Every structure is written in C-alpha cells, then in structure tokens.
1. If you take the residues of region A:46-55 that are facing chain B (nearest Cβ under 7 Å) and either assigned to a loop (DSSP other than H, G, I, E, B) or more than 11 Å from B:ASN388 (Cβ to Cβ) (or both), which of them is nearest to the chain's Cα centre (by Cα)?
2. Which ones in region B:270-320 are more than 14 Å from chain A (Cβ to nearest Cβ), of a type in the set (A, V, I, L, M, F, W, C) and part of a helix (DSSP H, G or I)?
3. Taking B:ALA327, is it under 32 Å from the mean Cα position of the chain (by Cα), small (Gly, Ala, Ser) and either more than 14 Å from every other protein chain (Cβ to nearest Cβ) or on the phi > 0 side of the Ramachandran plot (or both)?
4. If I ask for residues that are of a type in the set (Ser, Thr, Tyr) and more than 16 Å from B:GLY445 (Cα to Cα), which ones from region B:210-224 would you list?
5. Might you let me know whether region B:77-88 holds any residue that is closer than 30 Å to B:ALA276 by Cβ and free of Cβ contacts under 8 Å to residues at least 60 places away in the same chain?
6. Given the residues B:HIS353, B:HIS362, which is the only one that is within 30 Å of B:GLN56 (Cα to Cα), buried (at least 18 other Cβ atoms within 10 Å of the Cβ) and out of contact with any Leu (no Cβ under 9 Å at 6 or more places or on another chain)?
7. It is to be established whether one or more residues within region B:461-479 are free of Cβ contacts under 8 Å to residues at least 60 places away in the same chain, in a loop (DSSP other than H, G, I, E, B) and aliphatic (A, V, I, L, M).
Amino acid sequence: MSRFIKKMSRRAIVQALIALPALSLFRNQPAPANPDEIDRDEIVEINGWILRRSDLA
Amino acid sequence: MIFDSYEAYKQADFKPKVCILGSGPAGTTIARKLGAAGIPVVVLEAGSREFSDESQDFYRGKTVGDFYFDLDITRLRFMGGSSNHWAGWCRVLDSQDFEPKAWAPDTGWPISRADIEPYLKEVHDILELPDFRPDVPVSDDIRWVQLIKSPAVRFGEKFADELDRSKNIAIVLNTYATELIGDGKRVTGAKLWSNGQDAGTFSADYFVTCTGGLENSRLLLWSNERSNGGVVPNAAALGRYWMEHPTFEGGNAILANYSEFEVDASNEAFFSPTLAAMERLQIMNFGIRLIESPYPNVKKLIADLACTAPNMAEWMSSQLDQRLRCAAQLYVAWEQAPLASNQIELSKTDVDHAGVPRIELHWKKSPLERRTLLEGLRLFGTTLAQKNLGRVRIDDWISNGGDYPTNEETAGHHHMGGTRMGTDVLKSVVDANCRVHGMDNLYVGGSSVFCTSGQCNPTTTITALACRLGEHLGKVISV
C-alpha cells in the first residue's frame with residue numbers, strides 16, 4: 001500500500017482527496033424521501049411562523 | 001374613624017393594640033379583619049385622601065440594570081395605595097407556583113395554595129368576583145386559564161364609609177412612619193413624620209408593615225440600619241429576591257375560530273403552561289394574553305404568511321372574509337426566577353423630604369426568563385398548530401435573540417419579594433405567618449412576602465394572604 005502511495009504523484013493524491021466527498025459513500029444525505037413517508041403534521045418553525053409541514057404546500 | 005392628621009388623631013385618645021402601616025389592599029384588609037374581631041387597630045397612611053404630586057415625590061428612586069418605570073409612577077401614595085391604579089385583573093397563584101422547582105433555585109413557599117384557599121370566599125366578596133372556572137387543558141402543555149377582570153376595587157373609596165363608622169379602626173392620614181425602632185426582639189415604636197416635621201414616636205403592641213412591594217423593604221432596611229439590626233435581626237435576604245412580571249408583545253396568532261375561546265368583555269383570553277411542560281423545558285410559569293388584532297394588522301400578518309405558506313395565507317384570507325375577528329396580538333407576561341441579586345438598596349446619596357434614603361432598585365431579567373419567553377411562545381404555537389386551532393408567528397426580536405424593546409409594556413407594575421417568606425433565615429425575612437424572623441411583634445403584609453411570583457396579577461393573592469394574616473393576628477392577640 002505504502003509502495004503504491006509512494007509511486008503516486010503528490011498532485012494525484014491531492015486530487016483524490018478533493019474528489020472523495022463527491023462520492024455518495026461520503027455524502028450524509030438520506031435517500032430521496034418517499035412522499036408517502038413525509039410527516040405532514042410535523043411542526044416546523046419558518047420565518048417565525050410555527051406551522052404544520054402541510055401548510056408549506 | 002378617619003383622621004386627616006396625626007394631630008387630630010391624638011385628640012381622640014384611641015388606644016390601639018395593632019399599628020398597621022399603609023392603607024392599600026393588604027393594610028385595609030388586615031385592619032378590617034382585626035376590627036371585626038374587636039381588636040383596636042390604627043392604620044397610618046402616609047398620603048391623604050387624594051393623589052398629590054407632593055406625596056408621590058417621596059416615592060422617587062433610581063433603578064440600576066434593565067429599563068424600568070420611574071419608581072414614583074409605578075405605585076401610589078394615598079389612601080387605598082396602589083389599588084387606586086389597579087387594572088382589576090384577578091387570579092390566585094396556582095398550586096404549582098407554591099412548589100419548589102428543581103431547575104430554578106430558591107423557588108417554593110413554606111405554605112401551599114391550600115393554606116390560602118379557606119380565605120378565597122372572603123376575597124371574592126372584597127374584590128367583587130364571581131367564581132373562577134377550572135383551568136381547561138388545551139394540550140398536554142398548555143392550559144386555558146381564567147383571569148377575571150374585576151371592577152378594580154379602590155380600597156380607599158370602597159371601604160371609606162365602613163372605616164369611618166368603625167369604632168375599632170382608626171385611619172390616620174398624612175402620617176408617615178419613617179422608621180421602626182427595635183431591640184432585636186420587639187419593635188418598641190415607630191418614628192412619625194407629619195405636617196412637614198417630626199411628630200414623635202408611636203407605640204403599639206404589634207406592628208404590621210403593609211407599605212407595598214418596594215416600600216416594605218425600604219422601611220425595614222432603613223429601620224434596621226438605624227437600630228443596628230434591632231428590627232430585622234436576620235437581614236441576609238432583606239430587600240433581595242425582588243420580582244416583577246416582565247410583559248412584552250411576543251407575536252401574533254391567526255385563529256381558526258376566535259370565539260372558540262370564551263373571552264371576557266375586553267375580548268382577551270389567557271394561556272399558561274402545564275407543570276409537566278415547565279419541567280420538561282425547565283422554564284418558569286408564563287401567561288400568554290390574546291388581544292384582538294386591529295384589521296390593518298391582520299392584513300399585514302396575512303401578507304407575511306403568504307411569503308412562507310401561500311395556501312395557509314389563502315385560507316386565512318377567506319377566514320377574514322367571513323369574520324373580522326380572526327387574529328390576535330400575543331402579550332406574554334412571565335414569572336421571574338427569584339434572584340438574590342435583584343434587590344432593593346438604600347441610596348447612599350439621595351433622601352426624601354423626611355430624610356429617609358430613597359430606593360435604589362437593582363433589577364435584571366435572567367437568561368432563564370428569556371428562554372421562558374421563547375419556549376413559551378413555541379409551546380403555544382405548537383399547541384395551536386397541532387390542534388389546528390390557529391397559527392402563531394413569533395416576533396423577530398425574540399427568535400433572533402435581540403434586545404428587549406423599550407417602547408412596550410415592560411412589566412406589570414407588580415412589586416414582589418424583598419421580605420420573602422421562608423424557613424431559612426438566610427434566604428427569607430418572614431416566617432409562614434408573615435412574622436419577621438426573630439421578632440415577637442413585627443409582621444409584614446403584601447406582595448413583598450411572595451417567594452415566587454407565578455404569572456398572574458398579585459392583588460388576589462395579596463388579599464388572601466392579608467385575610468390569613470388578619471385571622472392569625474386576631475388569634476395571637478386574643479390568647
């Protein structure tokens with residue numbers, strides 16, 4: 001492993017590190033929500049308003 | 001009997017057993033109780049029958065800390081005391097207000113609500129109140145509570161004829177007790193100031209100070225200083241734990257059906273937290289008052305809502321077409337956490353015309369209270385949204401942690417604490433019977449004995465405590 005890294009240029013290592021967050025593996029995002037699973041009664045606070053999520057439709 | 005001067009009183013040769021200082025709700029109620037029990041009592045009132053600028057000047061003082069009203073504006077110094085500008089809102093402290101709160105130090109009373117309940121029938125007669133209805137739970141977090149708008153009894157006016165006819169009660173006007181004299185066990189007399197000069201020393205077997213939630217502390221601090229601790233032997237808490245009900249407009253509400261909440265003639269309704277909600281969020285008690293919004297405000301509110309929730313705004317707009325009463329301004333008054341640092345001190349530089357140091361009031365609202373304001377509005381807003389009763393918008397300065405506005409109500413003119421009730425002499429001044437710790441014959445009446453303030457106006461509780469103290473004193477004296 002270390003031999004492999006030694007053979008890589010410094011530039012290539014930096015480019016790889018920059019690209020890492022773009023991989024979905026490293027992204028902290030939930031799977032696209034199923035509209036059926038959205039809690040329409042959830043209370044949300046937006047611009048000072050205390051609303052139900054369904055109010056935002 | 002009512003005397004317009006101390007000189008006139010002296011000629012009557014009246015021999016009182018009890019001397020009460022102050023003729024406000026507490027002083028008048030205690031005097032009437034004692035008089036009815038056949039105990040001769042004198043009430044020394046510093047002011048006259050009517051308001052005067054000269055009398056009010058004795059109340060001037062200074063506030064250090066948060067913005068507060070001028071001290072000669074926030075109370076009244078004439079017969080009937082501050083009942084003369086009372087708005088008339090009535091409610092007794094809740095049972096939960098008497099209980100200690102683990103999340104707020106120095107809360108809890110040595111008595112419970114049950115200790116004053118036997119006097120509520122009497123209080124209703126005095127304040128001309130109908131019966132209170134029980135609180136209505138709106139959710140697990142919010143109660144719809146009742147504050148009754150009473151006829152705002154002016155004690156000086158209402159009871160003047162009765163007091164004048166009484167053979168056991170002497171009201172002496174224009175007579176200012178500048179100082180109590182004590183030997184560490186008993187008060188032996190009160191120094192008087194009348195007609196612009198010293199008027200000698202007054203003696204009685206018992207003394208009860210009912211001079212108000214600021215003045216009781218001032219009188220006892222000054223007396224104690226002059227008597228080298230002979231009036232309040234345990235003075236660590238004297239003047240401390242002073243409280244108000246900070247009051248600010250906190251936001252607006254759109255209501256699905258305004259008339260769903262029974263409102264009184266002034267179209268106002270009140271909401272408070274449950275104890276469970278206070279415990280969960282670790283906040284103090286509060287009261288949210290709904291005041292009907294004027295029409296232009298409602299239109300602005302709908303326009304604001306349209307930016308966030310267009311459909312909701314459309315629904316609101318249709319509501320407005322059907323009924324004009326559909327939105328309210330939310331005023332929040334809350335319970336202050338009792339803090340020893342909120343205290344009344346004697347000015348080192350400024351004295352009144354009789355030479356008594358004026359008040360220097362140190363008062364600041366705490367972070368816990370700020371959290372109470374925000375979380376209280378969130379609780380209320382969440383309840384309204386969950387139950388589909390309406391929607392709430394919290395004012396930006398609250399959501400964004402801005403400064404308290406200085407152009408609003410600020411507080412309720414409710415002066416509480418300073419001579420608080422308790423068992424620990426380091427944290428209280430009077431015992432459960434309102435007797436000053438260590439003193440045989442000195443009692444305190446009024447809201448200065450409050451340990452906590454709850455969220456409601458204090459006059460109803462003041463009057464109940466005064467009935468209780470009057471009855472207690474009657475028993476002590478009769479033995």
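1. Among those residues, the one meeting the criterion is A:ILE46.
2. Once the filter is applied, which keeps residues that are more than 14 Å from chain A (Cβ to nearest Cβ), of a type in the set (A, V, I, L, M, F, W, C) and part of a helix (DSSP H, G or I), region B:270-320 yields B:LEU275, B:ALA276, B:ALA277, B:MET278, B:LEU281, B:VAL298, B:LEU320.
3. On the way: under 32 Å from the mean Cα position of the chain (by Cα): yes; small (Gly, Ala, Ser): yes; either more than 14 Å from every other protein chain (Cβ to nearest Cβ) or on the phi > 0 side of the Ramachandran plot (or both): no.
Against the criterion (under 32 Å from the mean Cα position of the chain (by Cα), small (Gly, Ala, Ser) and either more than 14 Å from every other protein chain (Cβ to nearest Cβ) or on the phi > 0 side of the Ramachandran plot (or both)), B:ALA327 does not qualify.
4. Let us first name the residues in region B:210-224 that are of a type in the set (Ser, Thr, Tyr), namely B:211, B:217, B:223.
Scanning region B:210-224 gives a single hit, B:SER223.
5. no
6. Result of the check over B:HIS353, B:HIS362: B:HIS362.
7. Yes - at least one qualifying residue is present in region B:461-479.
Rundown of residues vs (1) surrounded by 18 or more Cβ atoms within 10 Å (Cβ to Cβ); (2) modelled with pLDDT under 95; (3) of a type in the set (Asp, Glu), yes/no style:
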position: B:THR372; (1), (2), (3): yes, no, no
position: B:GLY376; (1), (2), (3): yes, no, no
position: B:ASN388; (1), (2), (3): no, yes, no
position: B:ARG391; (1), (2), (3): yes, yes, no
position: B:ILE394; (1), (2), (3): yes, no, no
position: B:GLU408; (1), (2), (3): no, yes, yes
position: B:HIS415; (1), (2), (3): yes, no, no
position: B:GLY418; (1), (2), (3): yes, no, no
position: B:MET421; (1), (2), (3): yes, no, no
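The values are calculated or read from the model by the stated rules, or taken from the named source; none is laboratory data. All figures in this text were calculated on a predicted structure; none of them were measured in a lab. All Cβ positions, glycine included, derive from the backbone under ideal geometry; neighbour counts span all protein chains shown.
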